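Trainee: I am attaching a structure below and will ask some questions about it afterwards.
The values are calculated or read from the model by the stated rules, or taken from the named source; none is laboratory data. Since we're looking at a predicted model, the values are computed, not measured. Note: ideal-geometry Cβ built from the backbone for every residue, glycine included; neighbour counts use all protein chains shown. Calculation scope for accessible area: heavy atoms of the full protein, side chains included, ligands and nucleic acids excluded. Shrake-Rupley method; radii C 1.70, N 1.55, O 1.52, S 1.80 Å.
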Amino acid sequence: MSDYIIGPLLEESWRISLDAFSYALLQEWPDTDIKHSKEADIALRWILGISNSPLLCSLHVSGQAIFVEGGNVKDYAILALWFRRLVPAEHQLFLYHIGLTQKIGLTTTTTEGQIIEELGY
């Protein structure tokens, strides 16, 4: 199960294609091994080594949300801000705990420090 989700709270009209997403991911993290998933609700899986703790990630088939687990809060912030840059600014995006116990709106001006502070670390 994921720790956090980066995406809209409700389904939106935008979506990113798998090719565009994979290209952007490899531009940012060139050594990433992206795997296509056979799971019904997951399109892609990958592991990021942003810090010393691996961040396990998956892209929902809608092309609208990333599920993340492992890693640390700074990793979540870095990935969330990267994804925010891919999503058109007029669409809402959040970083939220799977149980909605924490929810942070991500705008084009959100900073890494704000995310870390909001998460209480």
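Trainee: Taking GLY113 as meeting all but one of (1) small (Gly, Ala, Ser); (2) over 15 Å from the mean Cα position of the chain (by Cα); (3) closer than 19 Å to PRO8 by Cα, write down the number of the exception.
Mentor: Status for GLY113: all satisfied but (3).
Trainee: If I filter the stretch 3-27 down to residues being of a type in the set (Ser, Thr, Tyr) and closer than 14 Å to LEU44 by Cα, which single residue comes out as least open to solvent (accessible area, probe 1.4 Å)?
Mentor: For the stretch 3-27, the residue satisfying everything is SER22.
Trainee: In the stretch 64-86, how many are under 17 Å from ALA20 (Cα atoms) and either open to solvent by 50 Å² or more (accessible area, probe 1.4 Å) or modelled with pLDDT under 95 (or both)?
Mentor: Residues that pass the stated criteria total 2.
Trainee: For the stretch 88-105, how many residues are in a loop (DSSP other than H, G, I, E, B) and either within 11 Å of TYR4 (Cβ to Cβ) or out of contact with any strand residue (DSSP E or B) (no Cβ under 9 Å at 6 or more places or on another chain) (or both)?
Mentor: Quick first cut of the stretch 88-105, residues in a loop (DSSP other than H, G, I, E, B) only: 88-93, 98-102.
Filter once more, so that each one left must be either within 11 Å of TYR4 (Cβ to Cβ) or out of contact with any strand residue (DSSP E or B) (no Cβ under 9 Å at 6 or more places or on another chain) (or both): 88-91, 98-102.
Adding up the residues that qualify gives 9.
Trainee: Separate question: Looking for whichever is farther than 15 Å from ILE5 by Cα, in contact with a strand residue (DSSP E or B) (Cβ under 7 Å, 6 or more places away or on another chain) and among the hydroxyl-bearing types (Ser, Thr, Tyr) here; the options are SER37, SER17, SER58, SER51. Which one fits?
Mentor: Working: SER17 fails: in contact with a strand residue (DSSP E or B) (Cβ under 7 Å, 6 or more places away or on another chain); SER58 fails: farther than 15 Å from ILE5 by Cα; SER51 fails: in contact with a strand residue (DSSP E or B) (Cβ under 7 Å, 6 or more places away or on another chain).
The match here is SER37.
Trainee: Cβ-Cβ below 7 Å, separation at least six or inter-chain, first residue in the stretch 105-117 and farther than 11 Å from TYR76 by Cα, second of a type in the set (Phe, Trp, Tyr) and open to solvent by less than 70 Å² (accessible area, probe 1.4 Å): which pairs?
Mentor: Between residues of the stretch 105-117 that are farther than 11 Å from TYR76 by Cα and residues that are of a type in the set (Phe, Trp, Tyr) and open to solvent by less than 70 Å² (accessible area, probe 1.4 Å), the close pairs are GLY105/PHE94; LEU106/PHE94.
Trainee: Also, I was wondering about something else. Name the residues in the stretch 36-63 that are under 12 Å from the mean Cα position of the chain (by Cα), of a type outside the set (A, V, I, L, M, F, W, C) and open to solvent by 30 Å² or more (accessible area, probe 1.4 Å), would you?
Mentor: ARG45, HIS60
Trainee: Let me ask you something else. Which ones in the stretch 1-32 are within 20 Å of ALA89 (Cα to Cα), charged (D, E, K, R) and either free of Cβ contacts under 8 Å to residues at least 12 places away in the same chain or in a loop (DSSP other than H, G, I, E, B) (or both)?
Mentor: Passing the criteria: GLU11, GLU12, ARG15.
Trainee: I would also like to ask the following. Can you tell me which of (1) open to solvent by less than 60 Å² (accessible area, probe 1.4 Å); (2) modelled with pLDDT of 95 or more; (3) assigned to a loop (DSSP other than H, G, I, E, B) is the one THR109 doesn't meet?
Mentor: THR109 satisfies every listed condition except (1).
Trainee: Here's another thing I want to ask about it. Within the stretch 95-106, how many residues turn out to be open to solvent by 30 Å² or more (accessible area, probe 1.4 Å) and of a type outside the set (Gly, Ala, Ser)?
Mentor: The number of residues fulfilling the criteria is 6.
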